[in-house]
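Comments concern the structure below.
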Amino acid sequence: MKVIVGVSGGIAAYKAAELVRALQQQALDVHVTMTEAAQQFVQPLTFAALTGHRVLTSLWQDADHPSPDASIEHIAEAQSCDALVIAPATADLLARMAHGLANDFLTTLYLATPAPVLVAPAMNVQMWEHPATQANIATLVARGVQMIPPDSGALACGMVGSGRLADVETIARAVVATLHRRQDMAQETVLITAGGTREPLDPVRYVGNRSSGKMGYALAEAARQRGARVRLVSAPTQLQPPAGCEITPVLTAEQMRAAVLEHLPQATLLIKAAAVADFRPRMAAEQKIKREGPITLEMEPTGDILAEAVQRRKPGTLVIGFAAETNNPLEHGRGKLARKGADAIIVNDVAHAGIGFESDRNAVTFLTESRAIDLPEMSKRELADRILDEVLALRRNKTVLSEAGAAPASHGSADRW
Ligand code: PMT
């Protein structure tokens, strides 16, 4: 398989040589394209020697090696590669990509390729945290670019913080995983819930929770990129919907229940990452409640969507729940697995600092009747793929069991949502 490494002009450009080596060790045919600025840091000759291929540096004719099809070389490269990984990606390159500029070989290649694109940014911490950079990242992620977030630590500029190029092994692993995963969910129609529901108290107030929707959106993006048809039932979030997913916005637990039950018949897989209210105010006041002394709220339980979906699913539809726990997570997770009858429960220890609600990172245990698989702390996007790997392994096990005479398991793309 052919991978193109795009190198832009940052001090971390030298690490791209190690990345080339790491990818070659995975038996990948690696080609390199460099921006003009990258060539100030590393000579193209380095990459030419490592890869055995001419390094692509310009959209224009190479005077020493004129070729009749040079003007469309970026299209040929774009069509023939299986993945494009850009490392390091500078703030300038991210901005150009986000705005669709095509003013050098790399940006033109990016626009022209149908292959998966991975981006590993590296820059000064303030440049990384600048709202412009973060907005460009959000735009690219919404368009399906897979981000490999920078590490934290001492930076070349002398500052300490986020912005250091992710470990070369991490980048190489992400590339290999992406290549292996391409289209392995093409037979799945996936229903995913995300975000925190809101239960109105009066026209301006609600009972809510801390869910940002990041975990559910990461799962939706990962499943879509692996070829699944995805419907995302989303409670309010600040996030851009992932590219190519069908979105059903909802507000309350009851609206989420109605949306899940409406789309469940078409789904081959339901993943309930949303944080759903367990109780709602029995009555929502018609007018804003005035500050006239203490009030007592009477709450009633909401319907358990997960448990109901397990009862109503068609044969072969996998149902996966989450369990956000603050104490004895595995014990409570096992209780939920048994009570709700789901095929797996993803246990999320939300008392652990830096993961769970709102964070970009998470760590979970994938719990089934027979196994507890720890998925250690990583970005939610990376974790989403690891979770989907486990879901597909579960699907394979169940298929083997059903072929051996147990319950039937059929799945396949539905005609429509
Ligand atoms: O959104 P983020 O900021 O990225 O945070 C991610 C997360 C912490 C929200 C996510 O990883 C997570 O743990 N989601 C489940 C949160 C939750 O509501 O857990 P629970 O233990 O209360 O519910 C268990 C399961 O039942 C969940 O799958 C939930 O969707 C489902 N449920 C709960 C209540 C209800 N009325 N109906 C349900 O279907």
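Counting residues that are surrounded by 21 or more Cβ atoms within 10 Å (Cβ to Cβ), more than 9 Å from the ligand (Cβ to nearest atom) and at pLDDT 95 or above, which strands (runs of 3 or more DSSP E) fully inside the stretch 287-394 reach at least 1? Show your work before the answer.
Working: elements: 299-301, 318-325, 344-349, 361-367, 372-379.
Per the criteria, 318-325, 344-349, 361-367.
Selection of the stretch 162-213 for residues being in a helix (DSSP H, G or I) and surrounded by fewer than 21 Cβ atoms within 10 Å (Cβ to Cβ) yields Val168, Glu169, Thr170, Arg173, Val176, Ala177, Leu179, His180, Arg181.
So, of the residues in the stretch 58-101 that are β-branched (Val, Ile, Thr) and farther than 25 Å from Val125 by Cα, which turns out to be modelled with the highest pLDDT?
Initial filter on the stretch 58-101 (β-branched (Val, Ile, Thr)): 72, 75, 85-86, 90.
This time we only want the ones that are farther than 25 Å from Val125 by Cα, so: 72, 75.
Numbers: Ile72: 74, Ile75: 81.
Residue satisfying both the conditions and the ranking: Ile75.
Being touching a residue at least 60 places away in the same chain (Cβ under 8 Å) and among the small types (Gly, Ala, Ser) narrows it down to one of Ala285, Ala324, so name that one. Step through it out loud before you land on a result.
On the way: Ala324 fails: touching a residue at least 60 places away in the same chain (Cβ under 8 Å).
One residue alone meets the criteria, Ala285.
In this structure, Gln240 does not satisfy being among the polar types (S, T, N, Q) and part of a helix (DSSP H, G or I).
Take Ile148 and decide whether it is under 18 Å from Ala13 (Cβ atoms) and surrounded by 14 or more Cβ atoms within 10 Å (Cβ to Cβ). Steps first, answer last, please.
On the way: under 18 Å from Ala13 (Cβ atoms): yes; surrounded by 14 or more Cβ atoms within 10 Å (Cβ to Cβ): yes.
Here the answer is yes, as Ile148 does meet what is asked.
Going by the structure shown, is Leu261 within 16 Å of the ligand (Cβ to nearest atom), in the same structural domain as Ile373 (by TED's automatic domain parsing) and not in a strand (DSSP E or B)? For Leu261, the condition - within 16 Å of the ligand (Cβ to nearest atom), in the same structural domain as Ile373 (by TED's automatic domain parsing) and not in a strand (DSSP E or B) - is met.
Does Gln238 fit the bill of being in the same structural domain as Asp385 (by TED's automatic domain parsing), more than 16 Å from the ligand (Cβ to nearest atom) and under 27 Å from Arg386 (Cβ atoms)? In short, no.
The values are calculated or read from the model by the stated rules, or taken from the named source; none is laboratory data. Please read all numbers here as calculations on a predicted model, not as lab measurements. With ideal geometry, Cβ positions are generated from the backbone for all residues, glycine too; neighbour counts draw on all protein chains shown.
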